[in-house]
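Working notes, structure below.
Each value in this text was obtained by applying a stated rule to the coordinates, not by laboratory testing. Nothing here was measured: the structure is a model prediction, and the numbers come from that model. Quick reminder, even Gly has a Cβ in these numbers, built from the backbone with ideal geometry, and neighbours come from all protein chains shown.
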Amino acid sequence: MAQQQDVPASVPTVAVIIPVRNGADHIDQALASIVTQTVPVDEVLVVDDGSTDRTYEQVSRWSGILPLRVIRTEPTGSWHARRRAVEAAGTDLILQLDSDDMLLPGAVASMTQAYARRPGLIAPRRLMLVEGETADIPRAITERLPESGDQYAYMLVRNYIGIGCLYSKKDYTAVGGYRPGRYAEDWDLWLRFAAAGIPISLAEEPTYVYSVHRKNASSSGGPAQGDQETLRRFLHVGSETHRRTAKLALLQRAGIEYLRELKRASLADMPVDVAAAGLAGNAGIDVWYDDDLGHVLVGEAATGDGRWLVVVSADGSETRLRSIVTPAGTLEANETDPALRWDGRNLTWYGWLAHEAWDGPAELTSPTTR
C-alpha cells in the first residue's frame, strides 16, 4: 500500500463515485486502486445498477477497508446511477471512477491540487489499457484543452475530456446534475459546466487508467443517436457562435435528416456563387435557412462524379461547411468555418470526428493538409 500523505484540515473532502452493473470481473481492481491513494478519500459511493452477478457481494467485502457505502437500485441506466451517487455524497468534491477502470496512486493528490489552483472541472490525464495486448502496459493518451474562452465551443463539437473528472458538488448542483439519457450523460454535464463558464483544467500528471475490453460499452465509441440527443439540448444556448457550432455539429451527425427541421428558402433570394460553392449549376439545388447557420444548400457536386454535397454558407463569400453526402444520408467530415471565432482565436478546423487525436488549438489544421 502506498504511503499516505498528511493532509491539512482545510483541504476539501472528496468522495469517489462508482456506477456499476454486472461488474464482478473488474470491480475489485477499481476499489483496490482507491486503497492505494497517497491521499485518502472521505467516502466511496458504489451504486449497483441492478446487477445479476456477484457484484454486490464483492463490493461489500471492501466495507472494512474503505469508507464505503453501497446503494442497490433497479436497472435504470448509468446516468441515474451516477446521479444517485452524487446525491448521496456528503463531501465537497466528487471524483469519478468507472467500475472497470483504475485510479493511479497519486490521482486524488494530483486532482485536488489542480482544483486548489483553479477551482472548476478537473479533467484526468489518462493511460489506456487494452485487453488482449501482449505487453499489458497502459499507453498514454494525449490530453490537451482549448483555451478558456474556447472551451464551450470546442465541447459542442466533441467531448474532449474523459471519465475520471473531479468537480465540486456545488457546481454540479448549480448546473442541474446528470439528466436522463441513455448515452452521453457525461458530455451533457460537461457542456453545461462549460456553458456556465466553469473552467476546465487538466491534472499535471497521469491520474487514471482507462480500460478497453469487449464488455466495455464505451469501447464501441457510443451510439451516434446519443450524441444527437445531447446536441439538441444546446441548439439555442449561448452566443450566435455557440448556437451555430452546435447546429453544425448536429448537421454532421444527423446528416440531411436535420435539414427537414429548417425553413425552406429560395436560391434566387441568396447571393451565392453556386460554382464557387462546388455545386453543378442551379438546377436541382435545395435550399434551407437558419438564423444561426445561414443558408444550407444540397445539390450535385460540380465534379460530375454523381456525388452530392451539403454546403452551409452565411452569404456568397463564406463557406462554413462543405461535405459529401453518403448513401446513408450522413455527412463525411470535411468542415471549414473561417467565421467560427471566439476570444480572437481561429477555429478554422475543429476536429469533429471523435476518433481524431486532440492536438489543441495551436495545432489545428485543415484535414486536407495534415
Inset, instruction - Using packing as a proxy for protection, rank 246-252, 167-173, 228-234 so that the peptide with the highest average count of other Cβ atoms within 10 Å comes first. - result: 246-252, 228-234, 167-173
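How much length would be gained if the chain were fully extended between ALA116 and TYR56, taking 0.36 nm per residue of separation minus their Cα-Cα distance, in nm to one decimal?
Contour length minus the Cα-Cα distance gives 18.1 nm.
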Legend entry - Global form of the range 14-223, assessed from the alpha-carbon gyration tensor, a/c cut-off 1.5: rounded
Legend entry - Mean Cβ count within 10 Å, highest first, over the residues of peptides 70-82, 146-158: 146-158, 70-82
Legend entry - Whole-angstrom gap from the range 29-54 to the range 141-199, using each part's C-alpha centre: 23
Inset, instruction - May I ask you to sort ARG84, ARG179 by Cβ crowding, counting other Cβ atoms within 10 Å and putting the fewest first? - result: ARG179, ARG84
Inset, instruction - Give a residue-ordered list of calculated ³J(HN,Hα) values for the range 124-129 (Karplus: 6.51 cos²θ - 1.76 cosθ + 1.60, θ = phi - 60°; whole Hz; x for Gly, Pro). - result: x, 9, 10, 10, 10, 10
Inset, instruction - Please turn the phi angles of the range 44-51 into ³J(HN,Hα) values with the Karplus equation 6.51 cos²θ - 1.76 cosθ + 1.60 (θ = phi - 60°), one per residue in order, whole Hz, x for glycine and proline. - result: 10, 10, 10, 9, 8, 8, x, 5
Inset, instruction - Tell me which residues come under 5 Å, amide H to amide H, from ALA265 once H is placed; ignore anything under 5 positions away on its chain. - result: VAL287, TRP288, TYR289
Inset, instruction - Give me the percent of DSSP beta bridges within the range 66-206 that run antiparallel, rounded to the nearest 5. - result: 65
Legend entry - Mean Cβ count within 10 Å, highest first, over the residues of peptides 295-302, 253-260, 121-128: 121-128, 295-302, 253-260
Legend entry - Built amide H within the under 5 Å cut-off of ARG72, gap 5+: ASP48
Legend entry - Contour minus Cα-Cα distance for MET128 and ARG179 (0.36 nm per residue): 15.6 nm
